[in-house]
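> Quick one: structure below, then a few questions.
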Amino acid sequence: MSEWELYRACKKGSKLAFQTLYERYAPHLLNTIQRYLSDIEHSKDLLHDSFLIIFKKFSSFTYQEEGSLKAWLTRICINESLMWLRKSNRIQTFSIDDNRDSLHEEDSVDDLYDIPEEREVETISQEVLLQMIQQLPDGYRTVFNLYVFEEKSHKEIAQLLGINERSSSSQLSRAKKILARSIKEWHTHNTTT
């Protein structure tokens, strides 16, 4: 069944179509949610809640082209993830200027760090890379995901999270620094010379 056919069947209220919708997209949507929430049980709960919203709002969705259904489902899950993070006060953000004196020298965004080479990143499985991303502090992980995977600008991220653009930029810089360090450490422990 094509995405268009699935959309039409769901629009008509077919229970089988909604089941197919869930089975087809739940793995992708769970992975998306897990990029934002590090805990698998919270992610599964949020996936369930997101599907309740999807089923409830499906009548208001208008199909536009191939991929638009998946994009709409993904957007709902991302929005629900962001709301969960905000409600649970999991996103702690600060700008480069905030608490500058209280930052440890090693945590300075201005510090240079070795950017991993593309071949170094390519040798690490997607699963391991996802684990590295999930280990980032919630604020860093959220900004990183929105910037890298959702291709949002710092202005859009600032609006979504209720922060300023400089905070978004500093969170992303810190996330990249931590990931670069994690990739280097992984190679040190997992490659033989």
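> Check each of the GluC sites (Glu not before Pro) in the stretch 1-77 and keep only those in coil by DSSP with at most 13 other C-beta atoms within 10 angstrom; list them in order.
Answer by residue number: E65, E66.
> Any idea of the accessible area per residue across the chain, 1.4 Å probe, to the nearest Å²?
Averaged over the residues of the chain, the accessible area is 61 Å².
> Same structure again: Which of the three applies to the stretch 118-191, rounded, prolate or oblate, going by the alpha-carbon gyration tensor with a ≥ b ≥ c and a/c under 1.5 meaning rounded?
It is prolate, given that a/c is not under 1.5 and a/b is the larger ratio.
> What is the percent carbon and sulfur in the accessible area of the chain, measuring with a 1.4 Å probe over the protein chains and ignoring ligands?
Using a 1.4 Å probe with all protein chains present, the chain comes out at 48 percent carbon and sulfur.
> Still on this model: Which residues does the label zone of E127 cover in the stretch 24-45, counting backbone N under 20 Å from a point 7 Å along Cα→Cβ?
Hits in the stretch 24-45 for E127 at 20 Å: 26-44.
> Next question. Provide the packing ranking of 128-141, 44-57, i.e. peptides ordered by the mean count of other C-beta atoms within 10 Å per residue, highest first.
Output ranking for 128-141, 44-57: 128-141, 44-57.
> Calculate, in whole percent, how much of the Cα-Cα pair population of the stretch 3-88 lies beyond 16 Å.
Distances greater than 16 Å cover 49 percent of the Cα pairs.
> Moving on. Would you mind counting up the charge near S59? Only other residues with Cβ under 12 Å from its Cβ, with Lys and Arg at +1 and Asp and Glu at -1.
Every neighbour counted, the sum reads +4.
> If I take every Cα pair under 8 Å that is 6 or more residues apart in the chain, average their sequence separation and divide by the length, what percent do I get for the relative contact order?
24
> Could I ask something else about it? Cα convex hull of the chain: mean projected area in nm², to one decimal?
The orientation-averaged projected area of the Cα hull of the chain comes to 13.3 nm².
The values are calculated or read from the model by the stated rules, or taken from the named source; none is laboratory data. In this text, all values refer to a predicted model and were calculated from it rather than measured experimentally. Because the Cβ atoms are built from the backbone with ideal geometry, glycine has one as well, and the counts that use them run over all protein chains shown. Remember, those area values only see protein heavy atoms, side chains included, never the ligands or the DNA or RNA. Shrake-Rupley method; radii C 1.70, N 1.55, O 1.52, S 1.80 Å.
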